[in-house]
Number of protein chains: 2
Amino acid sequence: MTKVLCVGIATLDYVYAVEGVPRRGEKYRALDLVVIGGGTAGTAAHAIARLGGRAMLATRLGDDPTGDAIVAELEAAGVDCALTRRFSGLRSPSSAVLVDPQGERLVTCYADVRTPDDASFLPARLPQGTRAVLADVAWVTGARRLLSAAREAAVPGVIDGDRVVDDKSYFDLASHVAYSAATVRALTDLEDPADGLAKLAHSARNWLCVTDGEHGIWFTAKGTIDHVPAYRIAAVDTLGAGDVFHGALALALGEGMTERDAVGFANTAAALKCLRFGGGRIGAPSRAEVEAFMRRQNSA
Amino acid sequence: MTKVLCVGIATLDYVYAVEGVPRRGEKYRALDLVVIGGGTAGTAAHAIARLGGRAMLATRLGDDPTGDAIVAELEAAGVDCALTRRFSGLRSPSSAVLVDPQGERLVTCYADVRTPDDASFLPARLPQGTRAVLADVAWVTGARRLLSAAREAAVPGVIDGDRVVDDKSYFDLASHVAYSAATVRALTDLEDPADGLAKLAHSARNWLCVTDGEHGIWFTAKGTIDHVPAYRIAAVDTLGAGDVFHGALALALGEGMTERDAVGFANTAAALKCLRFGGGRIGAPSRAEVEAFMRRQNSA
């Protein structure tokens, strides 16, 4: 099993199914409620385990029942939480997520402001056999430490560039950056994510891609910008799709796939996730499901 | 202590402090999170206990940790939960509440669809010494049983008419109905709540009032509509203010106050609640606070 170390945020999500995402400060009734693990790094680690990788998760939690639930669920899925630190008196991160039948979602994330930034409890070198590191933007101090270790070990260091961070040099630390369309727009002031990516690629030394939902993925390839279209699917729930994409991308790169193949693999894993309700956990596909889906698409 | 029996919904609320109530399906960060009991009947019962009454709560919960938290918090506040039934395998009600600094709020309530409607576990007669019954619109079957018992015992039966119910004759069962402005608009098609109340009063045999936030309370009095203005206060958090109003109103009527005095008392209790953040629990005022505030206002 290919070992991938994920660093960033893991949460407990309260996912409310609603008839429509609210537009006003009023009272709404939920049709259903699913309480399930979430967070960018936690969901990616879970997806990696589902895809047959060996996922490790470095994250910061409280010693509360919410933290117990987060760790119990990840460990049950096979995620190694040895690098997850529980802090006494801290409240673990949680989110309220409202999802409507069209898959639109409203997410409110809570993280305790007292969460220590210090990353010295993380090892300076990667655990033996680690083939890739995946970092989000929730804990740059911790991510910097493990991305540096990845660089030293000459294994892929992938950043999920979900949003802009204050620390401008952070993205340079990764061998691979997967931006959201919103991040590329914010960084370049260009409306079209492909144009924005070309601008960013101009001064970047690392591989870059940008995911833009149903418009697919653009990525840098030998001095140009290449594109993989999104699958035409009837999305039921896009919650966690980006996290599944990033987990699958890091796993594929860790396995030694080319960037093009890794994007194709991650694109498929994320699409399959969108076909099931319940966020990035219930929806995360297995390796066999991804490979069967790719075969069917290729033979169609 | 005056005994008041509350019947309806009790929840566990996840109250997220946000910079502004969301208007779109995006990702927001919460500044703070308070996990606290809520629900119309639960909050009213809690307010009654804070105001020096003896509150009993008839409600339906699951046998889950959420239900444990709801009961533990109410009992710690002095609410008698002997008529609260826990159902095996059921999930207890909970809500996600987003509150912004202006006090605007977005509430998403979840209640398990499998919650049994049957009210036969409730007594057919009021517990000895009960001086008033307060019912909400969340569980009409249970409320009907206890409002009938209130009528038989010739004690006030108060309905919190927070929204319209399918069962048109339900409101007739109460000696006192406190409507929301939205309910009066829905029932009468009249924009002005005072006009709407006059229309409803025309065919009603019970005492009626309508609460309209900062515009105050209108109520029926000897064939006309009377008005009590709202206090001019800088509201910090209006969450649960209506529930505190209804709890205080039922308590005051149970104590034998006139309707006018009861409205004044309830208006004061609700106003004081709005001065503190944390929903209807942290904000619920004590009897001494309400009386001191009324004295200061009268002497000003």
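The values are calculated or read from the model by the stated rules, or taken from the named source; none is laboratory data. The model shown is predicted, which means the values in this text are computed figures rather than measured ones. Note that we place each Cβ from the backbone using ideal geometry, even for glycine, and neighbour counts take in every protein chain shown. What goes into the accessible areas is simple: the full protein's heavy atoms, side chains included, and nothing from ligands, DNA or RNA. Shrake-Rupley method; radii C 1.70, N 1.55, O 1.52, S 1.80 Å.
General observations
- Some residue of the stretch B:41-52 being open to solvent by 10 Å² or more (accessible area, probe 1.4 Å), of a type in the set (A, V, I, L, M) and closer than 14 Å to B:Asp243 by Cα: yes
- A:Thr211 vs. criteria more than 15 Å from the chain's Cα centre (by Cα) and not hydrophobic (A, V, I, L, M, F, W, C): no
To keep it simple, each residue is scored yes or no on (1) on the phi < 0 side of the Ramachandran plot; (2) aliphatic (A, V, I, L, M); (3) at pLDDT 95 or above.
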| site | (1), (2), (3) |
| --- | --- |
| B:Thr2 | yes, no, yes |
| B:Ile9 | yes, yes, yes |
| B:Arg23 | yes, no, no |
| B:Lys27 | yes, no, no |
| B:His46 | yes, no, yes |
| B:Arg50 | yes, no, yes |
| B:Ala55 | yes, yes, yes |
| B:Gly62 | yes, no, yes |
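- Test: residue in the stretch A:56-71 that is open to solvent by 20 Å² or more (accessible area, probe 1.4 Å) and of a type in the set (A, V, I, L, M, F, W, C): yes
- Leading residue by the ranking (farthest from B:Ala138 (Cα to Cα)) among those in the stretch B:168-182 that are of a type outside the set (Gly, Ala, Ser) and open to solvent by less than 50 Å² (accessible area, probe 1.4 Å): B:His176
- Test: B:Asp32 is more than 9 Å from every other protein chain (Cβ to nearest Cβ) and open to solvent by 30 Å² or more (accessible area, probe 1.4 Å): no
- Among the residues of the stretch B:79-93, just one is open to solvent by 40 Å² or more (accessible area, probe 1.4 Å) and within 19 Å of the chain's Cα centre (by Cα), namely B:Asp80.
- Of the helices (runs of 4 or more DSSP H) lying entirely inside the stretch A:234-300, the ones with 3 or more residues being surrounded by 24 or more Cβ atoms within 10 Å (Cβ to Cβ) and touching a residue at least 40 places away in the same chain (Cβ under 8 Å) are found at A:241-254, A:259-273, A:279-282.
- Residue in the stretch A:183-191 that is among the charged types (D, E, K, R) and open to solvent by less than 30 Å² (accessible area, probe 1.4 Å) present: no
- Test for B:Ala248: is it of a type in the set (A, V, I, L, M), over 15 Å from the mean Cα position of the chain (by Cα) and within 26 Å of B:Asp172 (Cβ to Cβ): no
- All strands (runs of 3 or more DSSP E) inside the stretch B:79-161 with 1 or more residues being within 12 Å of another protein chain (Cβ to nearest Cβ): B:94-99, B:105-110
- Residues of the stretch B:206-233 that turn out to be open to solvent by less than 50 Å² (accessible area, probe 1.4 Å) and either more than 21 Å from B:Lys273 (Cα to Cα) or not in a strand (DSSP E or B) (or both), as a count: 10
- Qualifying residue in the stretch A:184-199 (condition: among the hydrophobic types (A, V, I, L, M, F, W, C) and in contact with a Lys or Arg (Cβ under 7 Å, 6 or more places away or on another chain)): yes
- Residues of the stretch A:106-141 classified as open to solvent by less than 50 Å² (accessible area, probe 1.4 Å) and within 22 Å of A:Gly53 (Cα to Cα), total: 11
- Residue, farthest from B:Arg205 (Cα to Cα), within the stretch B:148-163, restricted to residues that are under 15 Å from the mean Cα position of the chain (by Cα) and not acidic (Asp, Glu): B:Arg163
- Selection status of B:Ala45, touching a Cys at 6+ places or on another chain (Cβ under 8 Å) and either within 12 Å of chain A (Cβ to nearest Cβ) or within 30 Å of B:Phe265 (Cα to Cα) (or both): yes
- The lone exception for A:Ala76 - which of (1) within 14 Å of chain B (Cβ to nearest Cβ); (2) surrounded by fewer than 16 Cβ atoms within 10 Å (Cβ to Cβ) it fails: (1)
- Filter result for A:Ile9 (touching a residue at least 60 places away in the same chain (Cβ under 8 Å), within 14 Å of another protein chain (Cβ to nearest Cβ) and part of a strand (DSSP E or B)): no
- Complete set of residues in the stretch A:191-222 that are within 13 Å of A:Val177 (Cα to Cα) and not aliphatic (A, V, I, L, M): A:Arg205, A:Asn206, A:Trp207, A:Cys209, A:Thr211, A:Trp218, A:Phe219, A:Thr220
- Number of positions in the stretch A:56-66 that are within 14 Å of chain B (Cβ to nearest Cβ) and in contact with a Ser or Thr (Cβ under 6 Å, 6 or more places away or on another chain): 3
- Apart from one condition, B:Glu19 fits all of (1) more than 14 Å from chain A (Cβ to nearest Cβ); (2) open to solvent by 30 Å² or more (accessible area, probe 1.4 Å); the exception is (1).
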